[in-house]
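> I'd like to ask you about the structure that follows.
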């Protein structure tokens, strides 16, 4: 015997007569790395996610938007279908995203400053950047 383990190298592998063998997948899991920083990757992705800043509209653009809102209110009975471009604030960090939505306007609440579409979507009037649709065609806007 020359090697350190020569006396046990040829012994048969022990198998318990009372306990079942562990499946290979579970056995491999014992040796997987320990994730001490659970959620760290998600935080890195969230930090890297880009958001846009809200655009401050000039007075001329605000006046134009107010005229469109007034025209929209005046023509609510016609159930106008319009396209809103609006800013959606992000729930987790500063900034947000610019989105568009198309729909039929159901109600404009000037006191609460919200627009309600027939599908139930509510838009804050202060976040609307532009309104477009057939009701504005042919008018001086």
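What follows is calculated from the coordinates using simple rules that are stated; it is not laboratory data. Predicted model, so just to flag it, every value in this text is computed and none were measured. As a convention, Cβ positions derive from the backbone with ideal geometry for all residues, glycine included, and neighbour counts pool all protein chains shown.
> Mind computing the radius of gyration and Dmax over the alpha-carbon atoms of the chain? Å is fine for both.
In Å, with Rg to one decimal and Dmax whole: 32.2, 103.
> When the helix-only estimate is applied to the chain (DSSP H runs of n ≥ 4, each -39,500 (n - 2.57), divided by the residue count), what is the mean residue ellipticity at 222 nm, nearest 500 deg cm²/dmol?
Computed ellipticity for the chain at 222 nm equals -6500 deg cm²/dmol.
> For 75, 49, what ranking results if the residue with the fewest other Cβ atoms within 10 Å of its Cβ goes first?
Fewest-to-most Cβ neighbours within 10 Å comes out as 49, 75.
> With springs connecting C-alpha atoms under 10 Å apart, model the chain as a Gaussian network and identify which of 31, 111, 87 has the largest mean-square fluctuation.
31
> For 108, 15, 82, 115, what's the fewest-to-most ordering of other Cβ within 10 Å of each Cβ?
Listing 108, 15, 82, 115 from fewest to most nearby Cβ atoms yields 15, 108, 82, 115.
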